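Q: Questions regarding the structure given below will be posed in turn.
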Amino acid sequence: MTLLLTVFAAVISTVVWYTRPVDNKLCTGVLCWLFWGASLMWLVDAVFEYAELKAEYFNPAPLDMLNDAFLGLSVIALALVVWVVTLLIKDPDGKVKAALKNKNKK
Amino acid sequence: MACFTATVAEAVIVTVATQIIKKKENNSLSAHKFSNGNAALKSSENEKIRFSRKLMWLAKLLWGGSFLLAFEHLWHGEVVPWFPFLTAMANSESTTQMLYEIATVGVAMAVLLTAVWAVMVIVSNVIEKRKDAVETHNEESAV
(Lines give C-alpha, C1' and ligand atoms only; values in the text may rest on other atoms or scores of the structure.)
Protein backbone atom coordinates (compact mmCIF):
# COMPACT_ATOMS: atom_id res chain seq x y z
CA MET A 1 0.00 0.00 0.00
CA THR A 2 2.88 2.36 0.83
CA LEU A 3 4.50 1.54 -2.53
CA LEU A 4 1.21 2.07 -4.36
CA LEU A 5 0.56 5.47 -2.75
CA THR A 6 4.14 6.62 -3.39
CA VAL A 7 3.98 5.56 -7.05
CA PHE A 8 0.75 7.54 -7.50
CA ALA A 9 2.41 10.56 -5.85
CA ALA A 10 5.47 10.14 -8.10
CA VAL A 11 3.36 10.00 -11.28
CA ILE A 12 1.26 13.02 -10.27
CA SER A 13 4.34 15.11 -9.32
CA THR A 14 6.01 14.16 -12.64
CA VAL A 15 2.92 15.26 -14.59
CA VAL A 16 2.89 18.56 -12.65
CA TRP A 17 6.66 18.99 -13.33
CA TYR A 18 6.16 18.27 -17.05
CA THR A 19 3.29 20.76 -17.45
CA ARG A 20 5.05 23.49 -15.45
CA PRO A 21 6.29 26.74 -17.00
CA VAL A 22 9.93 26.51 -18.20
CA ASP A 23 11.27 28.61 -15.27
CA ASN A 24 10.02 25.95 -12.73
CA LYS A 25 9.40 28.44 -9.96
CA LEU A 26 7.47 25.86 -7.95
CA CYS A 27 10.54 23.56 -7.58
CA THR A 28 8.38 20.48 -8.34
CA GLY A 29 11.53 18.56 -9.28
CA VAL A 30 12.17 18.07 -5.55
CA LEU A 31 8.96 16.05 -5.23
CA CYS A 32 9.84 13.95 -8.29
CA TRP A 33 13.26 12.96 -6.88
CA LEU A 34 11.78 12.15 -3.45
CA PHE A 35 8.86 10.07 -4.69
CA TRP A 36 10.65 8.25 -7.53
CA GLY A 37 13.64 7.43 -5.31
CA ALA A 38 11.40 6.01 -2.59
CA SER A 39 9.14 4.19 -5.10
CA LEU A 40 12.07 2.38 -6.71
CA MET A 41 13.50 1.43 -3.33
CA TRP A 42 10.14 0.11 -2.07
CA LEU A 43 9.75 -1.79 -5.34
CA VAL A 44 12.93 -3.73 -4.53
CA ASP A 45 11.61 -4.31 -1.02
CA ALA A 46 8.34 -5.63 -2.50
CA VAL A 47 10.18 -7.99 -4.88
CA PHE A 48 12.17 -9.49 -2.00
CA GLU A 49 9.02 -9.82 0.09
CA TYR A 50 7.19 -11.48 -2.82
CA ALA A 51 10.06 -13.94 -3.27
CA GLU A 52 9.65 -14.89 0.38
CA LEU A 53 5.84 -14.95 0.71
CA LYS A 54 4.80 -15.81 -2.89
CA ALA A 55 1.01 -15.35 -3.47
CA GLU A 56 0.48 -14.59 0.21
CA TYR A 57 2.08 -11.19 -0.48
CA PHE A 58 -1.10 -10.07 -2.27
CA ASN A 59 -3.37 -11.03 0.64
CA PRO A 60 -2.30 -8.75 3.48
CA ALA A 61 -4.24 -8.60 6.73
CA PRO A 62 -6.68 -5.64 6.83
CA LEU A 63 -4.91 -4.14 9.85
CA ASP A 64 -1.51 -4.32 8.09
CA MET A 65 -3.02 -2.70 5.00
CA LEU A 66 -4.48 0.11 7.09
CA ASN A 67 -1.13 0.69 8.81
CA ASP A 68 0.66 0.70 5.44
CA ALA A 69 -1.85 3.17 4.00
CA PHE A 70 -1.39 5.42 7.04
CA LEU A 71 2.39 5.20 6.54
CA GLY A 72 2.04 5.97 2.81
CA LEU A 73 -0.04 9.09 3.52
CA SER A 74 2.45 10.19 6.21
CA VAL A 75 5.32 9.75 3.73
CA ILE A 76 3.48 11.92 1.19
CA ALA A 77 2.81 14.56 3.87
CA LEU A 78 6.50 14.57 4.88
CA ALA A 79 7.62 14.94 1.26
CA LEU A 80 5.20 17.84 0.76
CA VAL A 81 6.60 19.55 3.87
CA VAL A 82 10.15 19.12 2.52
CA TRP A 83 9.00 20.61 -0.79
CA VAL A 84 7.33 23.64 0.86
CA VAL A 85 10.41 24.31 3.01
CA THR A 86 12.64 24.09 -0.10
CA LEU A 87 10.31 26.47 -1.93
CA LEU A 88 10.39 29.00 0.93
CA ILE A 89 14.19 28.80 1.25
CA LYS A 90 14.76 29.20 -2.50
CA ASP A 91 12.06 31.90 -2.62
CA PRO A 92 12.06 32.25 -6.44
CA ASP A 93 9.57 35.17 -6.47
CA GLY A 94 11.23 36.94 -3.52
CA LYS A 95 7.94 36.96 -1.56
CA VAL A 96 9.50 35.80 1.72
CA LYS A 97 12.20 38.44 1.38
CA ALA A 98 9.61 41.13 0.64
CA ALA A 99 7.45 40.05 3.60
CA LEU A 100 10.46 40.19 5.94
CA LYS A 101 11.43 43.65 4.63
CA ASN A 102 7.88 44.96 5.18
CA LYS A 103 7.92 43.60 8.74
CA ASN A 104 11.20 45.39 9.44
CA LYS A 105 9.77 48.69 8.10
CA LYS A 106 6.77 48.47 10.47
CA MET B 1 15.98 -3.38 8.99
CA ALA B 2 18.48 -0.83 7.74
CA CYS B 3 18.54 -1.44 3.99
CA PHE B 4 18.54 2.30 3.25
CA THR B 5 22.06 2.66 4.69
CA ALA B 6 23.48 1.15 1.48
CA THR B 7 21.87 3.91 -0.60
CA VAL B 8 22.91 6.57 1.94
CA ALA B 9 26.54 5.43 1.58
CA GLU B 10 26.26 5.59 -2.21
CA ALA B 11 24.60 9.03 -1.99
CA VAL B 12 27.51 10.38 0.09
CA ILE B 13 30.09 9.05 -2.39
CA VAL B 14 28.15 10.36 -5.41
CA THR B 15 27.68 13.81 -3.83
CA VAL B 16 31.42 14.13 -3.09
CA ALA B 17 32.27 12.91 -6.62
CA THR B 18 29.83 15.46 -8.08
CA GLN B 19 31.51 18.33 -6.25
CA ILE B 20 34.99 17.24 -7.41
CA ILE B 21 33.87 16.83 -11.05
CA LYS B 22 32.04 20.18 -10.93
CA LYS B 23 35.23 21.91 -9.79
CA LYS B 24 37.25 20.25 -12.58
CA GLU B 25 34.63 21.21 -15.18
CA ASN B 26 34.65 24.84 -14.00
CA ASN B 27 38.47 24.92 -14.14
CA SER B 28 38.59 23.46 -17.66
CA LEU B 29 35.84 25.85 -18.80
CA SER B 30 37.70 28.90 -17.52
CA ALA B 31 40.96 27.60 -19.09
CA HIS B 32 39.13 27.12 -22.40
CA LYS B 33 37.72 30.67 -22.25
CA PHE B 34 41.17 32.07 -21.43
CA SER B 35 42.84 30.26 -24.36
CA ASN B 36 40.12 31.48 -26.76
CA GLY B 37 40.36 35.05 -25.54
CA ASN B 38 36.94 34.90 -23.87
CA ALA B 39 35.32 33.94 -27.16
CA ALA B 40 31.86 32.41 -26.79
CA LEU B 41 31.66 28.66 -26.86
CA LYS B 42 29.88 26.91 -29.71
CA SER B 43 26.15 27.00 -28.99
CA SER B 44 25.87 23.18 -28.99
CA GLU B 45 28.74 22.90 -26.46
CA ASN B 46 27.11 25.56 -24.34
CA GLU B 47 23.74 23.79 -24.29
CA LYS B 48 25.10 20.32 -23.45
CA ILE B 49 24.27 19.12 -19.96
CA ARG B 50 27.45 18.79 -17.89
CA PHE B 51 28.30 15.38 -16.43
CA SER B 52 28.34 16.86 -12.91
CA ARG B 53 24.70 17.85 -13.37
CA LYS B 54 23.83 14.35 -14.58
CA LEU B 55 25.63 12.87 -11.59
CA MET B 56 23.63 15.19 -9.35
CA TRP B 57 20.44 13.50 -10.67
CA LEU B 58 21.69 10.23 -9.15
CA ALA B 59 22.56 11.95 -5.88
CA LYS B 60 19.08 13.50 -5.67
CA LEU B 61 17.40 10.17 -6.44
CA LEU B 62 19.48 8.42 -3.77
CA TRP B 63 19.02 11.12 -1.10
CA GLY B 64 15.28 11.44 -1.81
CA GLY B 65 14.62 7.71 -1.58
CA SER B 66 16.87 7.23 1.45
CA PHE B 67 15.17 10.08 3.31
CA LEU B 68 11.66 8.66 2.89
CA LEU B 69 12.84 5.12 3.67
CA ALA B 70 14.58 6.36 6.81
CA PHE B 71 11.22 7.78 7.89
CA GLU B 72 9.61 4.37 7.24
CA HIS B 73 12.25 2.70 9.43
CA LEU B 74 11.61 5.29 12.13
CA TRP B 75 7.88 4.50 11.83
CA HIS B 76 8.53 0.79 12.36
CA GLY B 77 10.87 1.45 15.29
CA GLU B 78 13.95 0.12 13.47
CA VAL B 79 15.71 3.47 13.70
CA VAL B 80 15.82 5.38 16.99
CA PRO B 81 17.11 8.90 17.74
CA TRP B 82 19.66 7.64 20.32
CA PHE B 83 22.88 5.63 20.08
CA PRO B 84 23.42 3.17 18.34
CA PHE B 85 20.44 4.48 16.28
CA LEU B 86 19.57 1.04 14.89
CA THR B 87 17.57 -1.29 17.16
CA ALA B 88 19.04 -4.28 15.30
CA MET B 89 22.39 -3.46 16.91
CA ALA B 90 21.04 -4.68 20.27
CA ASN B 91 22.35 -8.24 19.90
CA SER B 92 24.68 -10.09 17.56
CA GLU B 93 21.92 -12.24 16.04
CA SER B 94 19.82 -9.29 14.86
CA THR B 95 22.98 -7.44 13.80
CA THR B 96 23.89 -10.36 11.51
CA GLN B 97 20.37 -10.34 10.08
CA MET B 98 20.60 -6.56 9.53
CA LEU B 99 23.95 -6.87 7.73
CA TYR B 100 22.51 -9.64 5.54
CA GLU B 101 19.56 -7.39 4.65
CA ILE B 102 21.85 -4.47 3.82
CA ALA B 103 23.96 -6.76 1.60
CA THR B 104 20.94 -8.12 -0.28
CA VAL B 105 17.99 -5.67 -0.28
CA GLY B 106 20.10 -2.53 0.26
CA VAL B 107 22.59 -3.32 -2.48
CA ALA B 108 19.75 -4.28 -4.86
CA MET B 109 18.11 -0.90 -4.17
CA ALA B 110 21.36 0.94 -4.92
CA VAL B 111 21.87 -1.08 -8.11
CA LEU B 112 18.31 -0.41 -9.35
CA LEU B 113 18.57 3.35 -8.70
CA THR B 114 21.94 3.48 -10.48
CA ALA B 115 20.53 1.48 -13.42
CA VAL B 116 17.56 3.86 -13.74
CA TRP B 117 19.96 6.82 -13.64
CA ALA B 118 22.14 5.19 -16.33
CA VAL B 119 19.08 4.87 -18.59
CA MET B 120 18.28 8.56 -17.95
CA VAL B 121 21.84 9.56 -18.94
CA ILE B 122 21.76 7.40 -22.10
CA VAL B 123 18.41 8.93 -23.16
CA SER B 124 19.66 12.49 -22.52
CA ASN B 125 22.86 11.76 -24.52
CA VAL B 126 20.80 10.45 -27.45
CA ILE B 127 18.59 13.58 -27.34
CA GLU B 128 21.68 15.84 -27.29
CA LYS B 129 23.27 13.97 -30.23
CA ARG B 130 20.06 14.25 -32.25
CA LYS B 131 19.94 17.98 -31.52
CA ASP B 132 23.57 18.34 -32.65
CA ALA B 133 22.86 16.44 -35.86
CA VAL B 134 19.84 18.64 -36.64
CA GLU B 135 21.87 21.83 -35.97
CA THR B 136 24.73 20.64 -38.21
CA HIS B 137 22.27 19.73 -40.95
CA ASN B 138 20.61 23.17 -40.71
CA GLU B 139 24.00 24.94 -40.85
CA GLU B 140 25.05 22.92 -43.90
CA SER B 141 21.80 23.57 -45.76
CA ALA B 142 22.08 27.31 -44.98
CA VAL B 143 25.59 27.40 -46.56
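The values are calculated or read from the model by the stated rules, or taken from the named source; none is laboratory data. Quick caveat, the model's predicted, so the values are computed rather than measured. Because the Cβ atoms are built from the backbone with ideal geometry, glycine has one as well, and the counts that use them run over all protein chains shown. All accessible areas refer to the heavy atoms of the entire protein, side chains included, with ligands and DNA or RNA removed. Shrake-Rupley method; radii C 1.70, N 1.55, O 1.52, S 1.80 Å.
Q: Give me the percent of the accessible area of chain B that comes from carbon and sulfur atoms, probe 1.4 Å, all protein chains in place. Intermediate values should be presented prior to the final figure.
A: Values: 5950 of 8990 Å².
Carbon-and-sulfur percentage of accessible area, whole number: 66.
Q: Once amide H atoms are placed 1.01 Å from N in the peptide plane, what residues at a sequence separation of 5 or more from B:Leu86, or on another chain, have their amide H within under 5 Å of its amide H?
A: Those qualifying (amide H under 5 Å, at least 5 residues apart or on another chain) are B:Val80.
Q: Give the accessible area for B:Lys23 in Å² (nearest 10); use a 1.4 Å probe, count only protein heavy atoms, and leave out ligands, DNA and RNA.
A: Result for B:Lys23: roughly 150 Å² accessible.
Q: With a 1.4 Å probe on protein heavy atoms only, work out how much accessible surface B and A bury together, total over both chains, in Å² to the nearest 100.
A: Buried area (both sides, nearest 100 Å²): 2000 Å².
Q: Mind checking which of A:Ala51, A:Ala77, A:Ala69 has the largest fluctuation in a GNM of chain A, springs on alpha carbons under 10 Å?
A: A:Ala51
Q: Which aspartates and glutamates does A:Lys90 reach when only Cα atoms under 19 Å apart count, and residues fewer than 8 places away in its own chain are ignored?
A: The qualifying aspartates and glutamates are A:Asp23.
Q: Related question: Roughly how much of B:Ser92 is accessible, in Å² to the nearest 10, using a 1.4 Å probe?
A: Rounded to the nearest 10, that gives 90 Å².
Q: Separate question: Over all alpha-carbon pairs in chain A, figure out the percentage whose distance exceeds 24 Å. Could the numbers behind the result be given before it?
A: Details: 2278 of 5565 pairs.
Tail of the P(r) past 24 Å holds 41 percent of the pairs.
Q: Rg and Dmax in Å for chain B, alpha carbons only: what are they?
A: When restricted to Cα atoms, chain B yields Rg and Dmax of 21.8, 75 Å.
Q: Largest first and in whole Å, give the semi-axes of the protein assembly as shown's equivalent ellipsoid, each being the square root of 5 times a Cα gyration tensor eigenvalue.
A: Gyration-tensor ellipsoid for the protein assembly as shown: 39, 24, 20 Å.
Q: Given a 1.4 Å probe and every protein chain left where it sits, what share in percent of the accessible area of chain A is carbon and sulfur?
A: 71
Q: Another question, if that's okay. What is the distance, in nm, between label points placed 7 Å from the Cα along the Cα-to-Cβ direction at A:Val96 and at A:Val84?
A: Between A:Val96 and A:Val84, the simple spin-label model gives 1.3 nm.
Q: Next question, about the same structure. Which helices pass in chain A if a helix is a full DSSP H run, must span at least 27 angstrom along its long axis by Cα, and must have mean Kyte-Doolittle hydropathy not below 0.5?
A: What comes out of the filter, once short or polar helices are dropped, is A:29-53, A:62-90.
Q: Could you check how many percent of all C-alpha pairs in region B:65-143 are farther apart than 23 Å? Walk me through the numbers before you get to the answer.
A: Values: 1535 of 3081 pairs.
Here the long-distance tail beyond 23 Å is 50 percent of all Cα pairs in region B:65-143.
Q: Using a basic spin-label model with each label point 7 Å from the Cα along Cα→Cβ, how many nm lie between B:Glu139 and B:Gln97?
A: 6.3
Q: Also, quick follow-up: What accessible area, in Å² to the nearest ten, does a 1.4 Å probe give for B:Trp63?
A: 110
Q: Follow-up. Determine the per residue accessible area of region A:1-59 with all protein chains present and a 1.4 angstrom probe, expressed in square angstrom.
A: For region A:1-59, the solvent-accessible area averages 60 Å² per residue.
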